[in-house]
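Below you'll find the structure, written out as structure tokens, and then a few comments.
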Amino acid sequence: PSGATTAETGLSRLQPVRLVIPSIKLDTTFVPPLSLNADKTVSVPNNYTQVGWYSGGAAPGEVGPSVILGHVDSKSGPAVFYSLGQVKIGDKVEITRIDGSVATFEITELHRYPQSEFPTLDVYGPTNYSALRLVTCTGIYDHSSKRYSQNLVVYGKLVH
């Protein structure tokens, strides 16, 4: 029907304000939009209880990959994406946009990658549909480098 939204036609570009993943009881808000650091890496949220949207990519619901980053933990304990690795294929992710509309995604894949082999093109590269990428750290924490050994990427596709 005319005016219908599909993953292939996408939604308009609107800033995300809230992220809900019912299956893991996650309900959070967004820090101000993220951009690139001087070294061309994506900045990360400056808050452990909120997520960040990389504004250099698609907005949630737009055609292309919308990349949302969150911390797995902090010095004081679990952070916003602590339970992200427990989501299952088929679970829903609801992202409320600044106008109050909700873009609903279905999780299609979960992958863990060594940090040295982060799949930049798979995460940030173009898609012909409205894609979602949720990114956090996982694996073993190295206290000397202050980094985790892996990244978890959860892939999704707009369903409503």
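The values are calculated or read from the model by the stated rules, or taken from the named source; none is laboratory data. Computed from a predicted model, the values in this text were never measured in an experiment. With ideal geometry, Cβ positions are generated from the backbone for all residues, glycine too; neighbour counts draw on all protein chains shown. Only protein heavy atoms, including side chains, enter the accessible area calculation; ligands, DNA and RNA are left aside. Shrake-Rupley method; radii C 1.70, N 1.55, O 1.52, S 1.80 Å.
Key figures
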read-out	value
Given charges at Cβ of Lys, Arg, Asp, Glu: the chain dipole, positive-most of Ala58, Val72, Gln86	Val72
222 nm mean residue ellipticity, helices alone, for the chain (DSSP H n ≥ 4; -39,500 (n - 2.57); rounded to 500)	-500 deg cm²/dmol
Cα centroid of the stretch 131-160 to Cα centroid of the stretch 37-115, whole Å	9
Listed candidates (i) 15.1, 44; (ii) 15.0, 57; (iii) 16.5, 60 - label of the one calculated as Rg and Dmax of the Cα atoms in Å	(ii)
Amide H contacts under 5 Å for Leu34, placed H, 5+ residues apart	Trp53, Tyr54, Ser55
Estimated inter-spin distance, Ser43 and Gln115, nm [label 7 Å along Cα→Cβ]	2.0
Charge dipole (debye, nearest 20) of the stretch 71-122; +1 at Cβ of Lys and Arg, -1 at Cβ of Asp and Glu	180
In sequence order, calculated HN-Hα J values of the stretch 79-86 (Karplus, 6.51, -1.76, 1.60; Hz; x Gly/Pro)	10, 4, 9, 4, 9, 4, x, 8
Accessible area of the chain belonging to carbon and sulfur atoms, whole % at 1.4 Å probe	53
Check: the stretch 16-146 dipole with +1 on Lys, Arg Cβ and -1 on Asp, Glu Cβ, in debye	220
Set of lysines near Lys40 by C-alpha distance (under 22 Å), chain-local residues within fewer than 8 positions excluded	Lys146
Å² of accessible area per residue within the chain, as computed with a 1.4 Å probe and no ligands counted	53
Sequence ranges 127-135, 144-152, ranked by mean other-Cβ count within 10 angstrom, highest first	127-135, 144-152
Stretch gain in nm, segment Val102-Gln86, where the contour uses 0.36 nm per residue and the Cα spacing is subtracted	3.5 nm
Value of relative contact order over the chain, rounded to a whole percent, pairs C-alpha under 8 Å and six or more apart	25
